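Visitor: First, the structure itself, so that you have it in front of you.
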Amino acid sequence: MMPELNRIYLGDCIETMKSWPDNSVDAVVTDPPYGIRFMGKAWDGADIDRQAQKRKGQKQTLAKDGRIRPNPRQCKSEAAGTYDLTPKAMRNFQMWTEVWAREAFRVLKPGGHLLSFASARTYHRMACGIEDAGFEIRDQIQWIFGSGFPKSQNISKMMDKMAGAKRAVVGRYQPPGMDKPWNLNNAKDERGVEVFSSSRNNLDVTAPATDDAKTWDGWGTALKPASEPICVARKPLSEKTVAANVMKWGTGALNIAACRLNRKDGDRTEYGRDRTLPDPKISNSLGKFKENTPYDSTIGRWPANVILDEEAGRLLDEQNGGASCFFYCAKPSTAERERGTEELERKPLAQGNQAQAEVKRGNLEHGGNSGMNTVKMRGNIHPTVKPVDLMAYLIKLVTPPGGIVLDPFLGSGTTAIGAEKLMTKWVGCEMSAEYVAIAEARIAAETAQVKLF
């Protein structure tokens, strides 16, 4: 049965996609689990861990080429790293990626594109899983941002802690962006409401106590994250040429014209050469001549495989006098993340999800036969919210006019919101009822015409 459009399917995306026919969607744009955990959070591994335990001791199958193939019945999800970056853990993550990518491959039309975010540490395994599922890896887009938070361990402090030495406080420090109160220890009052304090605004600056700590003061374990790779993959064509495939299926090409970038008067031409020279003919590197034609400044620059946030774009502009050849997209603000979620405190979960009424998950409490659900928190708690403009840009790049874009890991709904902005049809899967409630609120705030169920 064809997937219902503009709907969030609650449940495992692999099982959900199995009910859809072949060649039923035109593009896939998604932000799946990365195969890591963030500061101990289980959002990237709870189901994956459970499925990995089930799979232990079960026989693996071999494909004709001799490679181990994951059995979808054995691993709806797999052990995906959880800060265990050993080869075994990463192979599990790759196999899990292959499982969901195989179903996405099947429902995608020939020539359809898949865009999938990843982390720098696990991209290679994700890309291999996507390739093993049958896709062609076409490119890699880098989303570069200047607001990443370094998650590094202080080697000097670790050495002092191992020695049981107390470090002397020599000052106070306010980290950038930490001017708002926050809950340092997830403390709650007697009503279960989070208690926020401003203690994080002024952190202790301490001096090394032991000789080893003094020697290794300033050493850490990680760089500041400032980029996320996006795998650009394509299902093989069914026709002999891209043009023939586009004529039959509507898929196979990128919407370059719609994604061209603004060009200001006075900018250099597309290829960095001023083609308005007095000489009517110019020579290229091969000694051949090409007619000198002025660059059309109205169509904009060709979209690149680099996307910058506003801070990174500003720094680049300062260095070269105006880049104007990259798409700029700011990381989502708190207002963007939480738009619509202020209504979540007493919001009924959509009728299609009443089968989950007896399940308690996170902060979501399901109420009896009424199908009503109470969300005790406000705001978007999803840890990896992407900017709406970024998702809309990617959807526009790979989704043909009138096409359907699929997000198997919809999360808090940003892909759907981006599609709604473009008036593009979409379908999404999400296995967390809590995130479905958030996504519904955000989508409803974006458009009154959305049909979730």
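Visitor: Taking other Cβ within 10 Å of each residue's Cβ, how do 215, 122 sort, fewest first?
Guide: 215, 122
Visitor: Let me ask something else. Report the label-to-label distance for residue 121 and residue 215 in nanometres (one decimal), using points 7 Å from each Cα along the Cα→Cβ vector.
Guide: So the label points at residue 121 and residue 215 sit 2.7 nm apart.
Visitor: What's the extension gain from residue 86 to residue 162 if we count 0.36 nm per residue and subtract their Cα-Cα distance?
Guide: Contour length minus Cα-Cα distance gives 24.9 nm.
Visitor: In addition: Once label points are set 7 Å from the Cα along Cα→Cβ at both residue 302 and residue 172, what is their separation, rounded to one decimal in nm?
Guide: The two pseudo-label positions are separated by 5.6 nm.
Visitor: Expected output is a single nm value to one decimal: the length gained when fully extending between residue 238 and residue 447, i.e. 0.36 nm times separation in residues minus the C-alpha distance. What is it?
Guide: Between residue 238 and residue 447, full extension yields an extra 71.6 nm.
Visitor: At a 10 Å Cβ-Cβ cut-off, how would you order 422, 397, fewest neighbours first?
Guide: 422, 397
Visitor: List, in order, the whole-Hz ³J(HN,Hα) value for each residue of region 149-160 obtained from phi through the Karplus relation with A = 6.51, B = -1.76, C = 1.60 and θ = phi - 60°; use x for Gly and Pro.
Guide: So the Karplus estimates, Gly and Pro as x, are 10, x, 10, 10, 8, 7, 4, 4, 5, 4, 5, 5 Hz.
Visitor: Another question, if that's okay. Going by how many other Cβ atoms sit within 10 Å of their own, how do 34, 173 line up, fewest first?
Guide: If I rank by nearby Cβ atoms, fewest first, I get 173, 34.
Visitor: Okay, next question. Could you give the nm distance between label points at residue 205 and residue 142, where each point is 7 Å from its Cα heading toward the beta carbon?
Guide: Those two pseudo-labels are separated by 3.3 nm.
Laboratory data are not the source of any read-out in this text; all were calculated from the coordinates shown. Model, not experiment: these values are computed from the prediction. Every residue, glycine as well, gets a Cβ built from its backbone with ideal geometry; the counts of neighbours run over all protein chains shown.
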